[in-house]
Amino acid sequence: MERITPVVLLISLLIMFASAVNQSRANTCVDELSTCENCDQRCKAKHGPSSESKCDHSLVMPLCMCYYQCAEPLQTQTPLKICNGGAGLCSARCPENCCDTNCAQKFNGGHGFCSTLGNFNLCQCQYPC
């Protein structure tokens, strides 16, 4: 009986330690959103009001880092459908990163890219629907 008590104590401590480690592994994701211009607005538009932004100045060009709660993967979850939309034209004043910002602000979870169609350089958006 005297040997059982230390073993039970050791097992209890291991269970408590494993529980604490599991809780500390919160599902926080990071998204790099290019420049720091309107960093907080773009972060919240893309990942919701609970997201937090930080401008990382450790690089040559400051980078907007967006921290948000990752979604738990569900076993029964069907893949998200991707919808397409538009956010105007791309130009020298509004290049690829501007297009991406416009799409993130216009569509929840949206990403943008410039695509040439004939003589037009379109800002096209893709977002989960």
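For region 66-75, the condition holds for no residue, the condition being that it is open to solvent by 60 Å² or more (accessible area, probe 1.4 Å), modelled with pLDDT of 85 or more and part of a loop (DSSP other than H, G, I, E, B).
For S91, the criteria (1) assigned to a loop (DSSP other than H, G, I, E, B); (2) modelled with pLDDT of 85 or more; (3) among the hydroxyl-bearing types (S, T, Y); (4) within 14 Å of the chain's Cα centre (by Cα) hold in every case but one, which is (4).
The values are calculated or read from the model by the stated rules, or taken from the named source; none is laboratory data. What you are looking at is a predicted structure, and each value in this text was computed from that prediction instead of being measured. Note: areas computed on protein heavy atoms with side chains; ligands, DNA, RNA excluded. Shrake-Rupley method; radii C 1.70, N 1.55, O 1.52, S 1.80 Å.
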